[in-house]
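> This is the structure I want to talk about, given as structure tokens.
The values are calculated or read from the model by the stated rules, or taken from the named source; none is laboratory data. Because the structure is a prediction, the values reported are computed rather than measured. No Cβ is skipped: glycine too gets one built from the backbone with ideal geometry, and neighbour counts run over all protein chains shown. The accessibility values were calculated without ligands, DNA or RNA, using every heavy atom of the protein model including side chains. Shrake-Rupley method; radii C 1.70, N 1.55, O 1.52, S 1.80 Å.
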Amino acid sequence: MGLWGKRDDMIVHEADPYNAEPSRGALADRVLTPIDSFYGRNHGPIPFIDPQGWRLRVGGLVEHDLELSLDDLRGQFAQRTLTVTLQCAGNRRSGLIKVRDIPGEAPWGPGATSTAEWTGVSLAEVLRAVRPREEAAHVAFAAPDISQIADPPQSYGGSVPRAKALAGEVLLAWAMNGQPLPPVHGGPVRVVVPGYIGARSVKWVERITLQDHPSGNYFQATAYRLLPAEADPAAAGPGDGLSLGAVAVNADILRPGDGAVLSAGAAEVTGYAFAGDDRGIARVNVSTDGGCSWRQADLGEDAGPWAWRQWRTVIDVPSGQTEIIARAWDTSAAAQPESPVHLWNPKGYVNNSWARVQVTAR
């Protein structure tokens, strides 16, 4: 096993803080991602928190404050399990880096996304217990991990709009794929915000604050914002650019891998497709002639409104080099754009252009 109990073949972009993704093949052919293959995105050292000593404090614009232990959380609220895909806002950034360099940002491939069964309680139930005031428009989360990325260094945090927090699907989760949540994934308790970028699913959550404005934390107000192509990220301040929330429709090819050598003839192509908010995947198409013609792929198991869809099809691969392309539509009829050239931005977020792998057949 590698760092943090992960597979030896994880692609490690940074050891401390730990940032790593699985290979394409490790994600293929399964709805749930094993914990040892689940991507890791961190901004500071991973804290170790005693589950018995952990406390969650809920306050702000509420009728009364609340403090909960893990036993309180388990015993006072109904348990829920949801299948949820988490996807980093920088997923597939490597495709944007090929357009133009993005200094200081990890070159994430298509593996900065994974799916698990998360068990915990609905955040909405906890919030109803504290009775939010009418002016409470946002729900902010705070964690104890200190990041040196922020200036000055600060603990990680973020927020979601009140409507999302009260919708029912946002979880305070203590288990992942039926196992206690490991420290590397936010144990003992983390937030899971289905349909939103992974940055909003705050790990090791210790405080929830209801307030009339979005979180002022660096990772909400300054980072994880989509800047225009001409912007200087070093000069960007709080509120610049667009705040990232729901994940845009996205898909990639998991098998064959980029650069694979195949036998000429029939070849199976598999991948994933995911759309944020409560949008599902309606269709995935695959092309081997630059998009002049397309084959519709078969969609795999529908694991619920918050999970990706695995897909597969069989194509005919001629001798020589072939580029395999995939694109997806979601249930709102939004489709992936063709080129990363038009999506490039100085932080490398939201690359949802057509997926492409190069293969050679003999």
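> Collect the residues in the range 288-303 that are touching a residue at least 40 places away in the same chain (Cβ under 8 Å) and either open to solvent by less than 60 Å² (accessible area, probe 1.4 Å) or among the β-branched types (Val, Ile, Thr) (or both), keeping them in residue-number order.
Matches in the range 288-303: GLY291, GLY300, ALA303.
> Can you tell me which residue among GLY195, GLY187 is within 19 Å of ALA124 (Cβ to Cβ) and at pLDDT 95 or above?
GLY195
> Additional query: For the range 37-90, which residues satisfy the criterion of being among the basic types (Lys, Arg) and in contact with a Phe, Trp or Tyr (Cβ under 7 Å, 6 or more places away or on another chain)?
Matches in the range 37-90: none.
> Also, quick follow-up: From the list PRO256, PRO340, PRO318, which one is farther than 30 Å from ASP240 by Cβ, buried (at least 20 other Cβ atoms within 10 Å of the Cβ) and either touching a residue at least 12 places away in the same chain (Cβ under 8 Å) or out of contact with any Cys (no Cβ under 8 Å at 6 or more places or on another chain) (or both)?
Sole residue among the options that is farther than 30 Å from ASP240 by Cβ, buried (at least 20 other Cβ atoms within 10 Å of the Cβ) and either touching a residue at least 12 places away in the same chain (Cβ under 8 Å) or out of contact with any Cys (no Cβ under 8 Å at 6 or more places or on another chain) (or both): PRO256.
> Moving on to the next point. Just checking: which of the strands (runs of 3 or more DSSP E) contained wholly in the range 1-87 hold 1 or more residues that are closer than 28 Å to GLY168 by Cα?
It comes to 55-60, 66-69, 79-87.
> Taking TRP306 as the residue in question, decide whether it is among the aromatic types (Phe, Trp, Tyr), touching a residue at least 12 places away in the same chain (Cβ under 8 Å) and in a loop (DSSP other than H, G, I, E, B).
Criteria met by TRP306.
> Further, regarding this structure: Scan the range 236-246 and give yes if some residue there is within 22 Å of THR113 (Cα to Cα), modelled with pLDDT of 95 or more and surrounded by 20 or more Cβ atoms within 10 Å (Cβ to Cβ), otherwise no.
The answer is yes; a qualifying residue exists.
> Let me ask something else about it. Go through the range 18-42 and give me each residue that's farther than 10 Å from GLY111 by Cα, touching a residue at least 60 places away in the same chain (Cβ under 8 Å) and open to solvent by 20 Å² or more (accessible area, probe 1.4 Å).
Scanning the range 18-42 gives ASP29, ARG30, VAL31, LEU32, PRO34, ILE35, ARG41.
> Could you count how many residues in the range 125-159 are open to solvent by less than 20 Å² (accessible area, probe 1.4 Å) and within 30 Å of LYS347 (Cα to Cα)?
12
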